[in-house]
1. Ordering ASP62, ASP73, ASP90 by accessible area with a probe of 1.4 Å, largest first, what comes out?
2. I need the Kirkwood Rh of segment 33-98: take the reciprocal of the average 1/r across all distinct C-alpha pairs and report it in angstrom.
3. Within segment 1-108, list the trypsin sites (Lys or Arg not before Pro) lying in a DSSP loop whose Cβ has at most 11 other Cβ atoms in a 10 Å radius.
4. State, to one decimal in nm, how far the label point of LEU104 lies from the label point of ALA75, with both points 7 Å from Cα in the Cβ direction.
5. Over the Cα atoms of the chain, each weighted equally, I'd like the Debye log10 I(q)/I(0) at q = 0.10, 0.16, 0.17, 0.23 Å⁻¹, rounded to two decimals.
6. Can you give the Rg and Dmax of segment 1-70 based on its C-alpha atoms, in angstrom?
7. Equivalent-ellipsoid semi-axes (√(5λ), Cα gyration tensor) for segment 62-124, whole Å, largest first?
Amino acid sequence: QVQLVESGGGLVQAGGSLRLSCAPSGRTFSSYAMAWFRQAPGKEREFVARISGSAGNSYYADSVRGRFTISKDNAKNTVYLQMNSLKPEDTAVYYCAATLARSLLTAASVYPYWGQGTQVTVSS
């Protein structure tokens with residue numbers, strides 16, 4: 001069983017930066033595709049970014065491309081989401097997710113493992 005623990009959320013002013021971390025426990029995750037999703041109040045959970053397990057290829061939602069960077073450190077068994085130029089509309093609970101799937105990696109349904117979420121609030 002893979003357990004995911006997120007950290008790094010908080011309150012930041014618009015234009016600021018935060019770095020989220022996700023540390024899976026229970027097994028090494030080098031073969032897993034990892035992703036970040038977010039859910040704002042009253043909205044559905046949406047894809048933010050993902051990184052593949054093998055080659056480390058990344059992909060981003062249009063709304064964050066150029067501002068957010070997903071990365072993974074296999075030695076530390078940790079995946080990161082560096083968020084720059086934050087906007088109030090980035091306010092949400094951010095979730096880390098993991099899967100062994102190799103396709104449809106922007107869909108929440110293909111991720112069986114989820115963290116508890118970490119709150120990110122961007123003030124205007």
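1. Working: ASP62 125, ASP73 50, ASP90 0 Å².
Ranking ASP62, ASP73, ASP90 by accessible area, largest first, yields ASP62, ASP73, ASP90.
2. On the way: mean 1/r = 0.0815 Å⁻¹.
Its Kirkwood hydrodynamic radius stands at 12.3 Å.
3. On the way: sites: ARG19, ARG27, ARG38, LYS43, ARG45, ARG50, ARG65, ARG67, LYS72, LYS76, ARG102; in loops: ARG27, LYS43, ARG45, ARG67, LYS76, ARG102.
Of the trypsin sites (Lys or Arg not before Pro), the ones in loops of segment 1-108 whose Cβ has at most 11 other Cβ atoms within 10 Å are LYS43, LYS76, ARG102.
4. In this crude spin-label approximation the distance works out to 3.7 nm.
5. Computed log10 I(q)/I(0) values: -0.26, -0.69, -0.78, -1.42.
6. Rg, Dmax (Cα atoms, Å): 13.3, 38.
7. So the equivalent ellipsoid measures 22, 14, 13 Å along its semi-axes.
The values are calculated or read from the model by the stated rules, or taken from the named source; none is laboratory data. It should be emphasised that the depicted structure is a prediction, and the values quoted were computed from it without experimental measurement. Glycine also receives a Cβ, built like all others from the backbone with ideal geometry; neighbour counts cover every protein chain displayed. Calculation scope for accessible area: heavy atoms of the full protein, side chains included, ligands and nucleic acids excluded. Shrake-Rupley method; radii C 1.70, N 1.55, O 1.52, S 1.80 Å.
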